[in-house]
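One structure is given below, encoded as structure tokens.
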Amino acid sequence: MAEPLLRVSAVTKHFQGVEALGEVDLDVAEGTVHGVVGPNGAGKTTLLNVVSGYVPPDAGRVELAGRDVTRLTPQRRVPLGIVRTFQNIRLFGGLTVLENVLLGQHGRASTGTRSLWPLRSGADRRLRAEAEQALDVFELAPYRGRRAAELPYGLQKQLEMARALAARPKVLLLDEPAAGMTAEGRRALVPRIRELRDEGLTVVVVEHDMDVISNICDHVTVLNFGRRLTGGPPGPVLASNEVRTAYLGT
Amino acid sequence: MLAQQLFNGLLLGATFCLVALGFNLVVGAMDRLNFALGETAMVSAVLGALIMTETPVPFPVAFAAATAIGGGVAVAVYYLSFRFVSADFPTASILSSLGCGLVLTAVVTKAFGSHQRSVPDVLSGVRLDLGVLTVSGAQLVILLLATLLTAGLYLFLERTPWGTAIRAVSDDATMAGLLGVPVQRVILLTFALSGVLAGAAGLLTGLAYHSISPFDGFTTTLTALMIIVLGGLGSVTGGVVAALVIGLIQTLTVAYLSATLRDLIVFILVGIVLLVRPQGLFGRNAGVLERV
Amino acid sequence: MIRAGTAGRVTAGLTAATLVLAACGEGSGSGGAAVYRIGLVTSSAGPFASNAKTMEAGAAYAVKLLNEAGGIGGTEVELVKVDSQNNPATTATLIPQLATKQKVLAIVGPVDSAGCEVACTAANKLKVPIVSPGAARPGVLENARPYGFTIAQPDADNSTPVLTKIVQEKGLKRAAIIGDEANATTKAQADLFRSVFGSTGVQVVKTATFKSGDSSFASQVTSVASAKPDVLALAAGPDDAGRIAREVRSQGQTFTLLGTGSLQSGGAAYVAAGGKATEGTLAAAQYDPHSAAPAAKALLDKAQAASGQAEIPLNFAYAFDAVHMIAKAIEEKGVKSDSDGVVKGRVAVQEALNGMRNHQGMADATTFKDGIAQRPQLRAVVQNGKFVIDKSAG
Amino acid sequence: MSSFTEAVVLQVGISVLLALGYWIAVSTGKYSFGHTAFMAIGAYTASILTLNFSWPLPLAMLASGAAAAVAGALIGWMALRLSMLYLAIITFIFSQLVNLLISQWEYVGGASGMIGMTGTTVPLVLGCVLIVVAYLVLLSRSRLGLAYKAIREDERAATASGLRITRIAVGAFATSAAVTGVAGALSAHQLMVINPELFGPRQALLIILYCVLGGVEYFWGAALGAVALSLLPIYFDWLNEWYEIVYGLLFVALMIVRPQGLIGRRGGGRIRLPRIPAGRERESVG
């Protein structure tokens, strides 16, 4: 395997004395979909928080394409290419669907005095067209002027992903993308993520739905009690005894 | 002299303590601030003093009346500024209660004029000479009543079903509601209690200061705010300790430095606490546990 | 969504609406009527609301008397009242309103120094004579001359000789001063006391500070008491001074309390706040509510009968005199009551006020010197719940 | 134009400037209770420059805007990560500090303040209002304005979108302080008198009321609030001692009927401001 795009090495994190992560390693190769699974409280979300910068680790490193990003704040990681979604959706509820996507592009848009130029002017025309296109892709076009909070849950999830993708990430971190979705929504999710991977995007996904995991992942890492239990291709790993024991409890 | 000054500070702290506790109760129950509480205290004190000067009733009756007035005003403020004001806009009830405060001040000014009202002394013949300090009758009354009320509140919250209900609502109103706690009535009770405390504080402060001004309300609210921020929002113990600390600091600043610096020192202290330890001296580790 | 255009339109609309409203106000004043208009700036909010009310009553009573006597040369006087709500920005707008919309010849008020500073400066700029019946902060007319006047004389000039005399007569040796350093008026009072004590060789053993309006005085009085003075000088507003007196006596202290003329001016409030504890307080004074001077006595007696008050407050008498001095100026110069002559009339009133000598009014004799009234120098003591002028010591 | 019309326009214009300046900070969801500090800094800076150094007023206004902006950036950088209540308290404390320093500084007259500043004219005030309105029109249609709204809506979602919220919010706060400072300079040169008392909690509250009465969603809501509240005492002074009572009740009634202010939409979106007891945001911003 070539040099991984995202490398997490020996990350440890304690919350008030309780170990949430213990020396966890994670290597994600470019252009793959990497699943992180494990029972509740295994540290999956904390790992995602460490990678995206919301939680500073007590020890360990996070590297993106060889660059150490461990000490960067979340907003500095976005322009570098680490973008995430949240388990409980975080949209700009009072803003319109289109505005949400435009905000996703923020890191790529011009800053300084240029940021005062009207959104419809030439400088932003390209980005704006791109945002409109993203709305088409995610079937959000009919709602573009509606406030995000008014959308049904499934569409809000779509919108959050559209906003994340608007930042043109190198690594997309998805926190339980299928949670709360209808069966139909879940089915639509699988080809979409595959498509993104085929376009060259690297995806790290935390998910409970094993169907989704086994359908989209090239590689899975299993966490239990904050430790890395095992890892490898989804089929054999998920079938292993270790993992079954961890999930079913002992 | 130091002993006397320390006692002065303790006394000041004891009166602060009552308003701060009232303020804290509402913060706990609703996560909202009642900015009319200082004016509630002022109105109770003005009417209490009026009862003391105009009628022959003994002080305990006037005191009881002041607490009842405080409770009533607080309940009225609840209906005007909280019950029917949307919680979606955090500024709404703040402004609304500030508006109530303005109305209370204006009504008192209109009815009784803008001058300070004198509060008659109680037990004016009594003077305890303890060597290093002397204690007047009024000071004894203030200390006694403030201690009684604080202890009473503590017991009420800890030992009675209604107290438990208040604590449950302040912990998690939604959950408490699901468990069958009549949340609206508990909140109403909380407001009434906060008003009673404010009313008591108003009249006791009046006794300590010898008079009450219709413009005292905002200062009272401000001091209470500083106290609960210092002690930690929602923390009863923190509130009591912070009230005493601020009372002592204010008194000692005035005695040994300058009154001009009095508020400033308190402000700087609170500012530093906010920037360094935003949960207050006794607050729980608020905010740290929120998972992303 | 991003709303283009709306914002601009609304802003333009707002600007237009403001201008229209402002313009509407302009023409509506009935400037042509044959009356003499005198403006009155009062404030129904803030700590001076009560003083303002007293002033209002005094001015209204003066106008009533004038009109009952047939007005000024047969023309009635009308008092045009505006309320500043104790807000300086509002005051700054109300003065031009009185000047342009109401076309007043002169203005009475505001009663407090802070309000007068803004109002008098604004009126002076518009060349409208303005007489404050109460502003006594030093330098209050600094930018308000020649059109600004105040009937209250600042303590520094009025009280110093009297206080010096009191200190010498009483043989005081050790003094303490209590004052608010962050308030211009009380700071000036404290400075006055310091200079009086300095010139008489009294040792200042303690200086205590407080903040106006909001504190317990226990701590300050404890500090003062520990320095064992034989006099405590009160550089405080009357309300605060009353509370200090209460605290002093409730701590069992017996030293003399001493105040400036301002304390006597607010005597009613001082005694109301301090009660029995104020008995025996000595102060300088510039106004005698029971004056023996024939002109003053006649007016005071009549006002007492009319208002039912046993004692006419200072602001009432000063406002009364302010109105009468303006009326006298109008009469002296033969000012016309039509609106065209108003600009000339104001100049004439200003000149007459500046030249007025020994106006005998409700508050004895008043002469303006650089806009500031020169008032009698009296001495007062609290007896039986009120300040009494000590006539023996003139 | 008569001097009364002029005075009304000046007062309304300055109030509108104050409201617009405050709105810039509010548009990022940051409520300050100490904007009078910036007003005071602006007023005193300009007054010192015009009185003691004979600068022309427009130049002095630029300087006062700059001084206020520096102060705004400083306090913003320290305090903007705090939750709503704490931010309000810290800014209030800051304004009290400024007030105290001014009242102890003899060079600017201490408690008696400064006197004799003139030069505020209608064109100057209207010019300033126009410049600020133009800026705000531009802002509300631009990506920066969108970023402000995003921060107001949800700071965490904003960081997830790569918005450098500290930098943006501090920038907004400094801009807001600058406008407020200029308004302070204009106000000083209109009133001709300044003293520390003018910049107390009462004025701070008034600025907030302008914004919240009009509604914080659009800047012209704030402007409308300022116009209404500054005309109210001029045209309703006949209410006399009923004025403050009516004024207070007006707010009580308005907050029940239209908690979002006169202009603005009700409910719908989760207008998420931090819960009061929330501590400091956990992520290290900036």
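Some points to look at:
- Among C:Thr100, C:Thr91, C:Thr150, residue whose mean-square fluctuation peaks in a GNM of chain C (springs only between Cα atoms under 10 Å): C:Thr100
- For the protein assembly as shown, convex hull volume per residue from C-alpha positions, Å³: 177
- Between the listed residues D:Leu87, D:Val257, D:Ala25, the Cα displaced farthest toward the positive end of the dipole of the protein assembly as shown, a dipole computed from Cβ unit charges relative to the Cα centre, is found at D:Ala25.
- Mean-position separation - Cα centroids, the range C:319-394 and the range B:172-249, in angstrom: 51
- Theoretical gain in end-to-end length, A:Asp211 to A:Thr12 [0.36 nm per residue, Cα-Cα removed]: 68.7 nm
- Quotient of Cα Rg and 2.2 N^0.38 Å for chain D, N being how many residues it contains: 0.98
- Using only side-chain charges placed at the Cβ, +1 for Lys and Arg and -1 for Asp and Glu, the dipole size of chain C relative to its Cα centre rounds to 420 debye.
- Share antiparallel - DSSP beta bridges, the protein assembly as shown, percent rounded to 5: 45
- A Förster distance of 30 Å, applied to the separation of the beta-carbon atoms of C:Thr164 and B:Tyr256, puts the FRET efficiency at 0.40.
- Of B:Leu233, B:Leu143, B:Leu12, the residue with the greatest mean-square motion in the GNM of chain B, using alpha carbon springs below 10 Å, is B:Leu143.
- Cα centre as origin, Lys/Arg/Asp/Glu Cβ charges: chain D dipole, Debye: 1300
- In nm, spacing of pseudo-spin labels at D:Val70 and B:Thr55 (7 Å Cα→C-beta vector): 6.2
- Computed over the alpha-carbon pairs of the range C:97-224, the distance histogram in 5 Å steps reads 2, 10, 16, 15, 14, 13, 10, 8, 5, 3, 2, 0 percent, short to long.
- All other residues whose Cβ lies under 14 angstrom from that of A:Phe225 are scored, Lys and Arg at +1 and Asp and Glu at -1, for a net of +1.
- Separation in nanometres of the label points that stand 7 Å from Cα toward Cβ, at B:Ile265 and C:Asp370: 4.0
- Of the residues B:Gly48, B:Gly239, B:Gln250, the one whose Cα sits farthest toward the positive end of the charge dipole of chain B, with +1 on the Cβ of Lys and Arg and -1 on the Cβ of Asp and Glu, is B:Gly239.
- Across chain B, the relative contact order, built from alpha-carbon pairs under 8 Å that are at least six residues apart, equals 36 percent.
- Dipole orientation for the protein assembly as shown: of the candidates C:Ala106, B:Gln4, C:Thr160, C:Ala106 has the Cα lying most toward the positive pole (charges on Cβ; Lys, Arg +1; Asp, Glu -1).
- Of B:Val141, B:Val26, B:Val132, the one that fluctuates the most in a GNM where chain B has Cα springs shorter than 10 Å: B:Val132
- Percent of C-alpha pairs per 5 Å bin, the range C:46-134, short to long: 3, 14, 24, 24, 19, 11, 4, 1
- Separation of the D:Thr118 and A:Arg227 label points, Cα + 7 Å toward Cβ, nm: 8.5
- For the pair A:Ala179 and D:Leu130, a Förster radius of 60 Å applied to the C-beta separation gives a FRET efficiency near 0.70, rounded to the nearest 0.05.
- Counting every alpha-carbon pair across the range D:126-250, the share separated by more than 25 Å comes to 37%.
- Entry note, chain C: the mean residue ellipticity at 222 nm calculated from DSSP H runs of n ≥ 4, each adding -39500 (n - 2.57), is -15000 deg cm²/dmol after division by the residues and rounding to the nearest 500.
- Binning the alpha carbon pair distances of chain C at 10 angstrom intervals from zero yields the distribution 5, 23, 30, 21, 12, 6, 3, 0, 0, expressed in whole percent.
- Legend: calculated FRET efficiency, B:Glu158 to B:Leu179, from the Cβ-Cβ distance at R0 = 25 Å, rounded to 0.05, equals 0.85.
- Taking the centroid of alpha carbons for each part, the range C:109-129 and the range B:1-77 are 40 Å apart.
- The alpha carbon convex hull volume per residue for the range C:156-285 rounds to 86 Å³.
- Surface/4 estimate of mean projected area, convex hull on alpha-carbon atoms of chain A, nm²: 14.4
- For chain B, the alpha carbon convex hull comes to 141 Å³ per residue, rounded to a whole number.
- Distance cut-off 19 Å, percentage of C-alpha pairs in the range B:1-99 lying past it: 53
- For the residues of C:95-104, the average number of beta carbons from a partner chain within 10 Å of their own beta carbon is 4.
- Assigned charges on the beta-carbon of Lys, Arg, Asp, Glu; the protein assembly as shown dipole about Cα centre (debye): 1240
Every number here is computed from the coordinates shown, using simple stated rules; none is lab data. All values derive from a computational prediction rather than experimental measurement. Using ideal geometry, Cβ is built from the backbone for each residue, glycine included, and neighbour counts are taken over all protein chains shown.
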